[in-house]
Amino acid sequence: MADENSKPKKRSYEENLARVKARSAKAQANSEKVVSEKPTQLFLPGFDIGAMPNHINRSSLFAPIARGKRKLHHETVMVTRADCVLEYSGQQLDEADATLIMTLIFFAQPQPLGTMVPLNRAEVLRKMKRTTGKHDYVWLHKRLKALRAGTMFIEARKPDGATKYKLGGMESFNIIKELAGFEEDGAEYQYMIDPRWIRLFSGREYSLIDFDKRLQISRGQDMAKTLQRLIATSADPVQRYSLDWLKAKMEYSSPIRKFRDALLAAVHELARLEILAKGSIEDSTKGKEQLVLWLQPSG
């Protein structure tokens, strides 16, 4: 007769559940690692320069912040829509950083994302209508390093609330995955865009920004650049955004009165460039202030 003590102990329901979750987490980590290391071609119909995923454009990841010392985030939950969770660690990014990442994605296009791309600093600066003097070379160096250090976690959700995809949960998701040559004089500058960016562009969930008009937006009107990216996420001819949500998204800390004035100035700038037809601040049906924007008629 077998010794009862020699029989394997039955695991409890909680122990079995923990084992299943551990195996699932390990499989997910391995899967994300494979995807993060596999070069993949990005193909966007109608793409030239100025493409950006909608979940990024609707978030506070890039904001029209004032010049000076930048806020440091650590796993901060950024402002987004209800169908997305975006956590970010790194320096608060501004609209110049958004323009830079659009430019880097453009120059990375001929090769699959996830491969090292030669970086012609002068060409990048000229594409952004910046100078090729020392000041802008220093700016580019600093911003590239900040983008390399910044990490994201993104969870996109379906209309029923179920998870559509997660990025950066198991394997670090950097805005720029790699930089090379930046610490060695005379070395060739190179960079790599994480191939998981392609997931953010999937399902045609991206905007095509009018890059030329973006570069024509007047100096000091970064709020207009934020609005330009936001309105590009929707084809609705009339768009409405809560002032409270916009204020949080734009990282605006001054009183609401000043925010209204700055917002209307940004609307007038976009109307001047014919990016918008017009815009105004009105009360919603619930008595809350909202920005109402009318897009230029198509055709």
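The values are calculated or read from the model by the stated rules, or taken from the named source; none is laboratory data. Here the structure is a predicted model, which is why all the values come from computation and not from measurement. Backbone-built Cβ (ideal geometry, glycine too); neighbour counts: all protein chains shown. The area values use the complete protein model at the heavy-atom level, side chains included, leaving out ligands, DNA and RNA. Shrake-Rupley method; radii C 1.70, N 1.55, O 1.52, S 1.80 Å.
Worth a mention:
- Number of positions in segment 122-144 that are part of a helix (DSSP H, G or I), touching a residue at least 24 places away in the same chain (Cβ under 8 Å) and loosely packed, with under 15 Cβ neighbours inside 10 Å: 1
- Screening Lys247, Lys225, Lys213 for residues that are at pLDDT 95 or above, touching a helix residue (DSSP H, G or I) at 6+ places or on another chain (Cβ under 9 Å) and within 30 Å of Thr115 (Cβ to Cβ) leaves exactly one candidate, Lys225.
- Verdict on Ala224 being of a type outside the set (Val, Ile, Thr) and open to solvent by 20 Å² or more (accessible area, probe 1.4 Å): no
- Selected residue (only one of Lys278, Lys258 is assigned to a helix (DSSP H, G or I) and open to solvent by 70 Å² or more (accessible area, probe 1.4 Å)): Lys258
- Selection count, segment 145-155, where residues are open to solvent by less than 10 Å² (accessible area, probe 1.4 Å) and either out of contact with any strand residue (DSSP E or B) (no Cβ under 7 Å at 6 or more places or on another chain) or part of a strand (DSSP E or B) (or both): 3
- Evaluated against (1) part of a loop (DSSP other than H, G, I, E, B); (2) modelled with pLDDT of 90 or more; (3) open to solvent by 70 Å² or more (accessible area, probe 1.4 Å); (4) touching a strand residue (DSSP E or B) at 6+ places or on another chain (Cβ under 7 Å), Arg199 falls short on exactly one condition, (1).
- Meets criteria (farther than 18 Å from Leu104 by Cα, among the charged types (D, E, K, R) and surrounded by fewer than 20 Cβ atoms within 10 Å (Cβ to Cβ)) for Glu188: no
- Candidates in segment 156-172 are the residues that are at pLDDT 90 or above and crowded, with 18+ Cβ neighbours inside 10 Å; of these, the one that is farthest from Tyr88 (Cα to Cα) is Ala156.
- Close pairs from segment 49-70: first in contact (Cβ under 8 Å) with a residue 12 or more places away in the chain and under 24 Å from Ala82 (Cβ atoms), partner open to solvent by 20 Å² or more (accessible area, probe 1.4 Å) and among the basic types (Lys, Arg), Cβ under 6 Å, at least 6 apart: Arg58/Arg81
- Residue match in segment 282-295 (condition: outside any strand (DSSP E or B), within 28 Å of Met128 (Cα to Cα) and open to solvent by 80 Å² or more (accessible area, probe 1.4 Å)): no
- Strands (runs of 3 or more DSSP E) contained in segment 51-111 and holding at least 2 residues closer than 24 Å to Ala235 by Cβ and touching a strand residue (DSSP E or B) at 6+ places or on another chain (Cβ under 8 Å): 51-53, 84-91
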